[in-house]
């Protein structure tokens, strides 16, 4: 898991997954980061290393403190440390996008996120399909009823996009705009009176392309938090017939590839026996310029290295 082209494509083989977790978490770039922030690498097995990294990153690289990502503080890093963080992030697969490697996929899954990311990821999925990427099943666009922040609303307004209220609204608007569809062919859902409990599913059928399902998942812990990435992946799996050997392509941002790939291995590959490949949006594509990628800081990369550590620890437990 040391580089993006290793971390992004894995099947359900438990020994291979464990080997790739070990390669990523014990890599030289991560060791160098720990040393830079005053840590001593632990003796012990993979589980001990993951426990140490989880605790260490909580003390030194958690700038969210339970808040949403746009509300995270930015640490004050000296130039040498900031440069080391960026070099490590590149080596660990969080910066440079890689194209899909397989000739065809059973399903294409677009993961939700902040408003600008939702728009860009749907646009990238459309680019892949129109470039001829074969998908035999469906395109699943996964989100939740998370309310947008004022910052996200301003971002949409500045780009001349509709003032949507929730993450899934942005995803649905992007699907209708990018794929030229207006009305879902099928829809279902439950309005439970609270966004953590509610869900919705809308399926569009654009001409000449696979069906596109926009899904808002409920939280698996509704009394504590909103739905997160693993919730949306697990909820989608309950709506589609995943089979052993199915190849699933997931689209996110490069910074989230190690974290969200590990979540997908835990929630999809292990229980269903499918293959998972995770790719980040290519920022150089001109048709994504309606909402350029936000500037990513060393603090953001440290935060998502921590997210990857925590996701890999959960994967190792599974």
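The values are calculated or read from the model by the stated rules, or taken from the named source; none is laboratory data. Given the structure is predicted, the values throughout are model-derived calculations rather than measurements. We place every Cβ from the backbone using ideal geometry, glycine too, and count neighbours over all the protein chains shown.
Brief remarks on what is shown
- Residue within the stretch 237-257 that is more than 17 Å from the chain's Cα centre (by Cα), part of a loop (DSSP other than H, G, I, E, B), under 30 Å from residue 90 (Cα atoms) and in contact (Cβ under 8 Å) with a residue 60 or more places away in the chain present: yes
- The listed residues are 284, 229, 278, and the only one of them that is closer than 30 Å to residue 34 by Cβ, modelled with pLDDT under 95 and not assigned by TED's automatic domain parsing to the domain that holds residue 63 turns out to be 229.
- Pick from the stretch 62-92, criterion assigned to a loop (DSSP other than H, G, I, E, B) and at pLDDT 95 or above, ranking: surrounded by the fewest Cβ atoms within 10 Å (Cβ to Cβ): 78
- Helices (runs of 4 or more DSSP H) within the stretch 98-214 that include 1 or more residues loosely packed, with under 13 Cβ neighbours inside 10 Å and without any contact (Cβ under 8 Å) to a residue 24 or more places away in the chain: 150-158
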